[in-house]
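Working notes, structure below.
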Amino acid sequence: MSDGFWDWAVAAYAAHGVAEECLHLQDVHDQVVPLLLWAAWQAETGRKPDEDAIEGAVDTTRVWADHAVVPLRELRRALKTRRPDMADPDREAVRAQVKAVELEAERRLMLALEVLAPAPAPGGKAPATVELLVRVAREWGDQIPRPALGHLADALAKRLPA
């Protein structure tokens, strides 16, 4: 899906400060990066997801996170540590393979999320990025890390032409 959500997310994540903000939200606030990027992509592309779309995205994300992405991430992180009786080159080779599978699981999640997105609203004003980030974070969990979501929205905005 050229120029779709996946391509947008890869470019956005590579922008200065975005990866750091995303990982902070993931590691400190238990948020899920693909879901947050989905919300930001929708705002930036003029989409207005309703509550059903957001709920569906959260449900889809929860299944992928619980059964693929998070277990793979935990295994990749466990393989980062040197272990007795496990040769470093072999451990690193397996870790690299797990990392590739983890990335593919995130890509598949993002493709599933893209299907749930409404079409861009013709002539309508899309919600602000931070507004959609807060709505998605609220649906995802009990705590809404507003300052951190604002930092992510700011980092994403800095990559856009003025």
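The values are calculated or read from the model by the stated rules, or taken from the named source; none is laboratory data. Just so it is clear, the model here is predicted, and its values are computed rather than measured. Quick reminder, even Gly has a Cβ in these numbers, built from the backbone with ideal geometry, and neighbours come from all protein chains shown.
Among the numbered conditions (1) out of contact with any Asp or Glu (no Cβ under 7 Å at 6 or more places or on another chain); (2) crowded, with 16+ Cβ neighbours inside 10 Å, the only one that Thr129 does not meet is (1). Could you please let me know if Lys48 is over 19 Å from Met110 (Cβ atoms), over 11 Å from the mean Cα position of the chain (by Cα) and modelled with pLDDT under 95? Taking the combined requirement at face value, the residue satisfies it. In the range 70-92, the count of residues that are in contact (Cβ under 8 Å) with a residue 40 or more places away in the chain and on the phi < 0 side of the Ramachandran plot is zero.
Going residue by residue through the range 35-47, is there one that turns out to be free of Cβ contacts under 8 Å to residues at least 60 places away in the same chain and small (Gly, Ala, Ser)?
Filtering the range 35-47 for residues free of Cβ contacts under 8 Å to residues at least 60 places away in the same chain gives none.
No: the range 35-47 contains no residue that is free of Cβ contacts under 8 Å to residues at least 60 places away in the same chain and small (Gly, Ala, Ser).
Apart from one condition, Val101 fits all of (1) within 30 Å of Leu160 (Cα to Cα); (2) in a helix (DSSP H, G or I); the exception is (1).
Once the range 93-126 is narrowed to residues that are within 20 Å of the chain's Cα centre (by Cα) and charged (D, E, K, R), the residue that is surrounded by the most Cβ atoms within 10 Å (Cβ to Cβ) is Glu106. If you go through the range 112-136 and keep only what is over 17 Å from Asp66 (Cα atoms), touching a residue at least 40 places away in the same chain (Cβ under 8 Å) and either among the aliphatic types (A, V, I, L, M) or touching a Cys at 6+ places or on another chain (Cβ under 6 Å) (or both), you end up with Leu116, Ala117, Ala119, Ala121, Ala126, Ala128, Leu132, Leu133, Val136. Output the number of residues of the range 79-92 satisfying the condition of being loosely packed, with under 12 Cβ neighbours inside 10 Å and in a helix (DSSP H, G or I). Here the count works out to 3.
Quick one: is Glu139 surrounded by fewer than 15 Cβ atoms within 10 Å (Cβ to Cβ), at pLDDT 95 or above and either not hydroxyl-bearing (Ser, Thr, Tyr) or not in a loop (DSSP other than H, G, I, E, B) (or both)? First the steps, then the outcome.
On the way: surrounded by fewer than 15 Cβ atoms within 10 Å (Cβ to Cβ): no; at pLDDT 95 or above: yes; either not hydroxyl-bearing (Ser, Thr, Tyr) or not in a loop (DSSP other than H, G, I, E, B) (or both): yes.
For Glu139, the condition - surrounded by fewer than 15 Cβ atoms within 10 Å (Cβ to Cβ), at pLDDT 95 or above and either not hydroxyl-bearing (Ser, Thr, Tyr) or not in a loop (DSSP other than H, G, I, E, B) (or both) - is not met.
Count of the range 42-100 residues, restricted to those that are in contact with a helix residue (DSSP H, G or I) (Cβ under 7 Å, 6 or more places away or on another chain), within 30 Å of Pro120 (Cβ to Cβ) and of a type outside the set (A, V, I, L, M), is 8. Glu55 meets the stated requirement of being among the acidic types (Asp, Glu), touching a residue at least 40 places away in the same chain (Cβ under 8 Å), farther than 24 Å from Ala157 by Cα and part of a helix (DSSP H, G or I).
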